[in-house]
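Structure first, commentary second.
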Amino acid sequence: MDTIETPRLVLLPLRSEYADEMAAVLSDPDLHTFTGGAPLTVEELRLRYERLVAGWPAWRNWVIRSREEERLVGYVQATADERTAEIAWVIGTPWQGRGLATESAKALVSRLMEQGIDTIIAHIRPGHAASAAVASSAGLRPTDQWHDGEVRWERTS
């Protein structure tokens with residue numbers, strides 16, 4: 001996996017060493033309102049990252065580093081096969097509302113399409129206007145399909 005760069009962000013391939021900083025980024029319980037669960041401890045997050053890094057090659061995960069603040073602010077991920085990728089993004093609460101999720105999602109979608117992925121999917125809970133705006137900015141459109149209470153958004157080339 002390559003690093004992905006934008007004017008304000010660097011998307012770095014996931015490593016377990018990022019768990020300390022990311023535990024703080026993801027520590028706000030309100031951040032999990034739409035994603036479910038609760039904040040993980042540093043050790044729980046480190047174990048999760050170790051599994052993801054060692055796991056199935058179709059799991060692609062990046063942490064998002066702000067160039068301006070010189071710190072991690074969230075993550076993006078994609079689960080891909082030859083032609084399709086399902087994506088997700090999370091920005092820590094203190095950095096929301098600055099367009100960072102949009103910038104990182106657009107960069108991720110662009111990279112995936114450059115690599116021959118022609119269908120990009122995201123699942124978004126109804127009422128999550130911020131994620132719907134991110135998906136729309138990245139070229140995804142809502143479909144009439146649902147999965148686990150979420151609307152399937154899709155972009156095809």
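The values are calculated or read from the model by the stated rules, or taken from the named source; none is laboratory data. Note that the structure is a prediction, hence the values are computed from the model and not measured. Because the Cβ atoms are built from the backbone with ideal geometry, glycine has one as well, and the counts that use them run over all protein chains shown. What goes into the accessible areas is simple: the full protein's heavy atoms, side chains included, and nothing from ligands, DNA or RNA. Shrake-Rupley method; radii C 1.70, N 1.55, O 1.52, S 1.80 Å.
Let me know the whole percent of all Cα-Cα pairs from the chain that are separated by more than 19 Å. Don't skip to the end; give the middle numbers.
Details: 6474 of 12246 pairs.
The calculated P(r) of the chain puts 53 percent of pairs beyond 19 Å.
With a 1.4 Å probe and all protein chains left in place, how much accessible area per residue does the range 1-48 have, in Å²?
Details: 2750 Å² over 48 residues.
Computed with neighbouring chains in place, this is 57 Å² per residue.
Would you calculate a helix-derived [θ] at 222 nm for the chain, using -39,500 (n - 2.57) for each DSSP H run of n ≥ 4 and dividing by the full residue count, to the nearest 500?
Calculated from helices alone, the mean residue ellipticity at 222 nm is -8500 deg cm²/dmol.
Just to check I understand the Karplus step: with θ = phi - 60° and J = 6.51 cos²θ - 1.76 cosθ + 1.60, what whole-Hz values come out for the range 109-123, glycine and proline as x?
Each residue's phi maps through the Karplus curve to give 4, 4, 5, 4, 5, 4, 8, x, 6, 10, 10, 10, 10, 9, 10 Hz.
Averaged per residue, what accessible area in Å² does the range 64-157 show with a 1.4 Å probe, protein chains only?
Per-residue accessible area for the range 64-157 comes out at 50 Å².
Per the 1.4 Å probe, what fraction of the accessible area of the chain, in percent, lies on carbon and sulfur atoms? Before the final figure, lay out each step's value.
On the way: 4100 of 8410 Å².
That share works out to 49 percent.
What nm value, rounded to one decimal, do you get for the distance between Glu68 and Ala38 when each label is placed 7 Å out toward the C-beta?
3.4
By average Cβ neighbour count within 10 Å, what is the ranking of 34-45, 53-64 from highest down?
53-64, 34-45
What FRET efficiency, computed as 1/(1 + (r/R0)^6) with R0 = 22 Å and r the Cβ-Cβ distance, is obtained for Asp2 and Ala58, rounded to the nearest 0.05? Before the final figure, lay out each step's value.
Working: r = 16 Å, r/R0 = 0.72.
Once the sixth-power term is evaluated, E becomes 0.90.
Defining a contact as two alpha carbons under 8 Å apart and six or more residues distant in sequence, what relative contact order in percent does the range 39-157 show?
This gives 18 percent for the range 39-157.
Using Cα centres only, tell me the gap between the range 34-76 and the range 96-157 in whole Å.
Comparing the Cα centres of the range 34-76 and the range 96-157, I get a distance of 19 Å.
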